[in-house]
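Worksheet for the structure shown next.
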Amino acid sequence: MIAEKNPLIEEAYCKLQVMSEDEGNRMIYEARLKAQRDEYSRIQGALQRGLEQGRREGREEIILQMATHGMGVKDIATITQVSEQAVGSILKQGNG
């Protein structure tokens, strides 16, 4: 009944009926849908990894800048919420 009122829904409903009737078409549709979902998942994973890397690099840059301006390891750790040990490691890496 809703499909009759909305042409887009009616068209989608007709396509669904045609695909449901043919096993081969349904399998092709499901394979394509799976490929689209897999690609979306890969893209989201890459995006998350990129964001995490950017945050990490930004945090490291901030820690190096804070040390350059004379802040101590303890204060840097408190402000950045990074352990003193991690701050020390970042400072060692940043200084060569």
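Only the coordinates and a few stated rules stand behind these numbers; no lab work does. Note that this is a predicted model, so its numbers are computed, not measured. Cβ atoms come from the backbone with ideal geometry, glycine included; neighbour counts cover every protein chain shown.
Among the candidates K74, K15, which residue alone is over 30 Å from N95 (Cβ atoms) and assigned to a helix (DSSP H, G or I)?
K15
Could you list all residues from region 72-87 that are free of Cβ contacts under 8 Å to residues at least 24 places away in the same chain and within 20 Å of R55 (Cβ to Cβ)?
Of everything in region 72-87, those that are free of Cβ contacts under 8 Å to residues at least 24 places away in the same chain and within 20 Å of R55 (Cβ to Cβ) turn out to be I76, A77, T78, I79, T80, Q81, V82, S83, E84, Q85, A86.
Give the residues of region 44-69 that are outside any helix (DSSP H, G or I) and either among the aliphatic types (A, V, I, L, M) or in contact (Cβ under 8 Å) with a residue 12 or more places away in the chain (or both), sorted by residue number.
Result: no residue meets the conditions.
Would you mind finding the one in L33, L47, L51 that is surrounded by 10 or more Cβ atoms within 10 Å (Cβ to Cβ), over 19 Å from the mean Cα position of the chain (by Cα) and not charged (D, E, K, R)?
L33
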